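The values are calculated or read from the model by the stated rules, or taken from the named source; none is laboratory data. Since the model is a prediction, treat every value here as computed from it, not as a measurement. Cβ sites come from the backbone with ideal geometry, for glycine too, and all protein chains shown count toward neighbours. In case anyone asks, the SASA skips ligands and DNA or RNA and just uses the protein heavy atoms, side chains included. Shrake-Rupley method; radii C 1.70, N 1.55, O 1.52, S 1.80 Å.
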Amino acid sequence: DIQMTQSPSSLSASVGDRVTITCQASQDIYNFLNWYQQKPGKAPKLMIYDASNLETGVPSRFSGSGSGTDFTFTISSLQPEDIATYYCQQYDDLFTFGGGTKVEIK
Amino acid sequence: QVQLQESGPGLMKPSETMSLTCTVSGGSINRSTYSWGWIRQPPGKGLEWIGNIYYNGTTYSNPSLKSRVTISVDTSKSQFSLILTSVTAADTAVYYCARLKVSGWSNFDSWGQGTLVIVSS
């Protein structure tokens with residue numbers, strides 16, 4: 001089984017700050033990595049696919065990078081509407097989600 | 001735009017068999033470029049993939065649940081279903097159905113709103 005480790009599990013930042021979330025796979029998953037945003041009481045929403053591709057309609061302040069075992073999700077300028085929990089998900093071998101990162105406003 | 005809607009029992013007793021259905025509208029369920037899956041989320045916790053069914057009927061399940069999971073599709077009704085046997089309190093969760101895009105890359109690009117299933121005696 002491939003394990004996905006996200007860090008931090010939560011963070012607090014100010015509006016306008018740059019926010020970075022990391023996701024580490026237990027083995028090489030190439031670029032088979034997606035990122036989702038989940039707001040309270042809502043279903044997850046695809047943000048980034050294939051590690052670095054922005055899903056249609058997602059603001060350009062969101063970005064993703066990485067390959068192999070180490071990946072990064074970045075919000076270049078945090079906005080109040082970005083308050084949510086973010087999950088990485090691998091699809092190299094079946095599907096596994098990371099534990100999530102809760103993003104709050106300071 | 002495709003829409004997915006889960007339906008299920010809401011409240012169950014331990015050892016019972018859970019049956020959930022996802023109705024797909026606004027798009028065909030019978031396309032090779034998509035697979036249909038189930039993901040769950042226990043209250044206050046993260047996401048757990050349960051399983052998927054593909055165009056050719058092939059199913060894949062989370063190894064931790066595989067012996068208890070059956071996924072099927074009824075194209076005539078544009079629905080797919082999840083059966084989970086011998087439920088316990090640990091199966092209490094919001095259950096989401098989702099569409100998995102499988103052309104080139106794979107991602108869950110459309111989700112239902114989720115349905116809460118509580119297992120309690």
Residues of the stretch A:29-43 that turn out to be open to solvent by 10 Å² or more (accessible area, probe 1.4 Å) and in contact with a strand residue (DSSP E or B) (Cβ under 9 Å, 6 or more places away or on another chain), as a count: 9
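Please work out which residue is most open to solvent (accessible area, probe 1.4 Å), limiting yourself to the stretch A:16-28 and to residues that are outside any loop (DSSP other than H, G, I, E, B) and over 28 Å from B:Glu6 (Cβ atoms).
Here the residue is A:Gln24.
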Of the residues A:Ser52, A:Ser26, only one is more than 10 Å from every other protein chain (Cβ to nearest Cβ), of a type outside the set (Asp, Glu) and farther than 27 Å from B:Lys66 by Cα; which? A:Ser52
Looking only at the stretch A:29-48, count every residue that is at the interface with chain B (Cβ under 10 Å from one of its Cβ atoms) and assigned to a loop (DSSP other than H, G, I, E, B) and tell me the total. 6
Within the set of pairs 6+ apart or on separate chains, which have a first residue in the stretch A:26-49 that is over 15 Å from B:Lys101 (Cβ atoms), a second that is part of a loop (DSSP other than H, G, I, E, B) and open to solvent by 70 Å² or more (accessible area, probe 1.4 Å), and C-beta atoms under 7 Å apart? A:Ser26/A:Gln3; A:Ala43/B:Gln113
Restricting to the stretch A:1-15, and then to whatever is surrounded by 14 or more Cβ atoms within 10 Å (Cβ to Cβ) and more than 15 Å from the chain's Cα centre (by Cα), can you tell me which residue is farthest from the other protein chains (Cβ to nearest Cβ)? A:Ala13
Residue tally, condition within 27 Å of A:Ala84 (Cβ to Cβ) and crowded, with 21+ Cβ neighbours inside 10 Å, over the stretch B:21-33: 2
